[in-house]
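Enquirer: The structure's right below; bear with me while I get my questions together.
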Amino acid sequence: MSLTNIGDMSFSLMQQTRSAALKSSMITLTQELTTGQTSDIRGRLASDYSYLTDIDQNLARLDGYAISATEAGLFSSASQQSLERIQGVISTVSEDLLTINSASLEVARLQASNEARLGLDTILSALNGSVGGRSLFAGTATDTNPMASADTMIAALQVEVAGMTVVSDILTAIDDWFADPAGFKATMYTGSDDPLSPIQVGANEQVSLSLRADDANFRNAMRNTVVAILATDSGLALDPGTQNILLREAGVGMLNNNHALTGLRADLGYAEQRIEEASARNGAARTSLSYARNELLEADPFETASRLEEVQFQLESLYAVTVRASRLSLLSFL
C-alpha cells in the first residue's frame with residue numbers, strides 16, 4: 001500500500017478548507033433546527049417550485065387583502081362615528097324644537113335656534129371628518145374638506161329668503177337653494193362628484209364606502225337645522241307666529257331625518273360586518289397556507305440534530321488533529 005505525502009502548507013490549507021466546510025454545515029444545521037425548515041429547498045422540492053410558488057403568491061395576495069381590510073375597517077369605523085355625531089345632534093335639537101308652541105316665549109325660541117346653530121357646526125365638522133389623512137365624505141377628493149363653514153351657508157340663505165314673511169315661501173326658497181347646483185353644490189360642497197371605488201377586502205369580496213357630504217340625507221339634516229336658525233334671524237324680522245311654525249317645521253323634519261340617518265348607519269354597519277367577516281376568512285386562509293408551506297419545507301428535527309452532532313464530532317476531531325500536528329518537531333521525531 002502506497003502513501004502519498006503532502007507538504008505542510010498543503011496540509012494547512014486542507015485543514016482550513018475542511019474547517020470552513022464543517023463550520024458552514026454547522027451554521028446551516030443550527031438554523032434548520034431553530035426554524036424547523038430545511039435550507040435545501042431545491043433538494044426537498046426536487047427542483048419543482050410550482051406548489052411553493054403558488055402558496056407564496058396566495059400568501060402575498062392575502063397580505064394585500066389584510067391591508068385593504070384594515071384600512072376599510074378604519075374608514076368605516078370613523079364614518080360610523082361621524083354619523084353617530086350627526087344623528088346625536090338631530091335627536092337633541094329636534095326634541096328642543098318640538099317643544100315650541102304658540103305659548104312659547106321669545107327666550108325659548110332663541111334658545112332653540114342657538115341649539116340649532118351649534119348643531120350645524122357639529123354636522124359640518126362631522127362631514128369634514130378624516131382618518132389617516134383621508135376625508136371621509138369627499139368622494140375621490142380625499143385630500144380636501146368637502147364642506148364650507150356654517151357662516152357661509154347661513155349668509156347665502158339669508159340672501160335667498162331676504163324680505164320673505166310667508167312660511168311656504170321661505171321653505172320653498174331654502175329647498176330650491178339646496179336642490180339647485182348653483183346653490184348648495186356650488187357654495188358649500190367642495191368634494192368630488194365621483195364616489196370612492198369599492199375596496200377589495202378578499203377574493204371576490206368588495207365593500208363600498210361611497211357616502212358623500214352632498215348626500216340627500218345629509219342635505220336634509222342641514223336644511224332642517226338652518227330653517228331653525230333662520231327662524232329667529234334678526235335680519236328677517238319674522239313675527240313670533242311665523243317663527244313658531246318654522247321651528248316646529250324644522251323639528252318635524254329632523255325627526256323624519258333621524259330615521260333616514262338610522263338607515264344609513266345600518267348600511268354602514270352591514271359594510272363593517274362584511275369587512276370583519278372577510279378579515280376572518282382571510283386570516284383562516286392564511287393560517288392554512290402557512291401550515292401547508294411549513295409542512296412542505298419542514299426539516300426533520302431528529303435527523304437534523306443527529307447530523308449536527310456528527311458535524312460537531314468531526315469538527316472537534318479536526319481540531320484535535322490540528323493540535324497534534326502543531327506539536328510535531330524534528331526533536332520529537334528523532
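Enquirer: Within segment 140-158, which residues are without any contact (Cβ under 8 Å) to a residue 40 or more places away in the chain, under 14 Å from F184 (Cβ atoms) and assigned to a loop (DSSP other than H, G, I, E, B)?
Expert: Within segment 140-158, S149 is the sole residue that qualifies.
Enquirer: Looking for whichever is under 17 Å from the mean Cα position of the chain (by Cα) and β-branched (V, I, T) here; the options are V166, V131. Which one fits?
Expert: V131
Enquirer: Still on this structure, I have one more. Report yes if some residue within segment 134-153 is closer than 17 Å to E249 by Cα and either more than 26 Å from the chain's Cα centre (by Cα) or surrounded by fewer than 17 Cβ atoms within 10 Å (Cβ to Cβ) (or both); otherwise report no.
Expert: Looking for residues that are closer than 17 Å to E249 by Cα and either more than 26 Å from the chain's Cα centre (by Cα) or surrounded by fewer than 17 Cβ atoms within 10 Å (Cβ to Cβ) (or both), one finds none in segment 134-153, hence no.
Enquirer: A further question follows. Considering each of D48, D40 in turn, give the residue that is modelled with pLDDT under 65, exposed (fewer than 12 other Cβ atoms within 10 Å of the Cβ) and of a type in the set (D, E, K, R).
Expert: D40
Enquirer: In addition: Quick check on segment 186-244: of everything there that is assigned to a helix (DSSP H, G or I) and under 25 Å from the mean Cα position of the chain (by Cα), which residue is farthest from D143 (Cα to Cα)?
Expert: The residue in question is N217.
Enquirer: Mind listing just one residue for me: the one in segment 176-211 that is within 17 Å of G263 (Cβ to Cβ) and aliphatic (A, V, I, L, M) and, of those, surrounded by the most Cβ atoms within 10 Å (Cβ to Cβ)?
Expert: L211
Enquirer: Hey, S94 hits all of (1) at pLDDT below 95; (2) buried (at least 23 other Cβ atoms within 10 Å of the Cβ); (3) not in a helix (DSSP H, G or I) but one; which does it fall short on?
Expert: Going through the list (1) at pLDDT below 95; (2) buried (at least 23 other Cβ atoms within 10 Å of the Cβ); (3) not in a helix (DSSP H, G or I), S94 breaks only (3).
Enquirer: A follow-up question, please. Pairs under 6 Å by beta carbon, first residue modelled with pLDDT under 90 in segment 201-218, partner among the aromatic types (F, W, Y) and part of a helix (DSSP H, G or I), six or more apart or different chains?
Expert: G202/Y65
Enquirer: Kindly provide the set of residues from segment 70-97 that are within 30 Å of T242 (Cα to Cα) and in contact with a Leu (Cβ under 7 Å, 6 or more places away or on another chain), ordered by number.
Expert: I86, Q87, I90, S94, L97
Enquirer: Next question. Please enumerate the residues belonging to segment 212-244 that are farther than 16 Å from V89 by Cβ and either in contact with a strand residue (DSSP E or B) (Cβ under 6 Å, 6 or more places away or on another chain) or buried (at least 19 other Cβ atoms within 10 Å of the Cβ) (or both).
Expert: The answer is R212, D214, L230, A231, T232, L238, Q243, N244.
Enquirer: Which one of these does R117 not meet: (1) within 20 Å of F218 (Cα to Cα); (2) within 32 Å of the chain's Cα centre (by Cα)?
Expert: All conditions are met except number (2).
Enquirer: Kindly indicate whether T262 is out of contact with any Phe, Trp or Tyr (no Cβ under 8 Å at 6 or more places or on another chain), part of a helix (DSSP H, G or I), under 30 Å from E71 (Cβ atoms) and β-branched (V, I, T).
Expert: Considered against the rule, which asks whether it is out of contact with any Phe, Trp or Tyr (no Cβ under 8 Å at 6 or more places or on another chain), part of a helix (DSSP H, G or I), under 30 Å from E71 (Cβ atoms) and β-branched (V, I, T), T262 comes out as yes.
The values are calculated or read from the model by the stated rules, or taken from the named source; none is laboratory data. As the structure is a computational prediction, the values presented were derived from the model and not from experiment. Every residue, glycine as well, gets a Cβ built from its backbone with ideal geometry; the counts of neighbours run over all protein chains shown.
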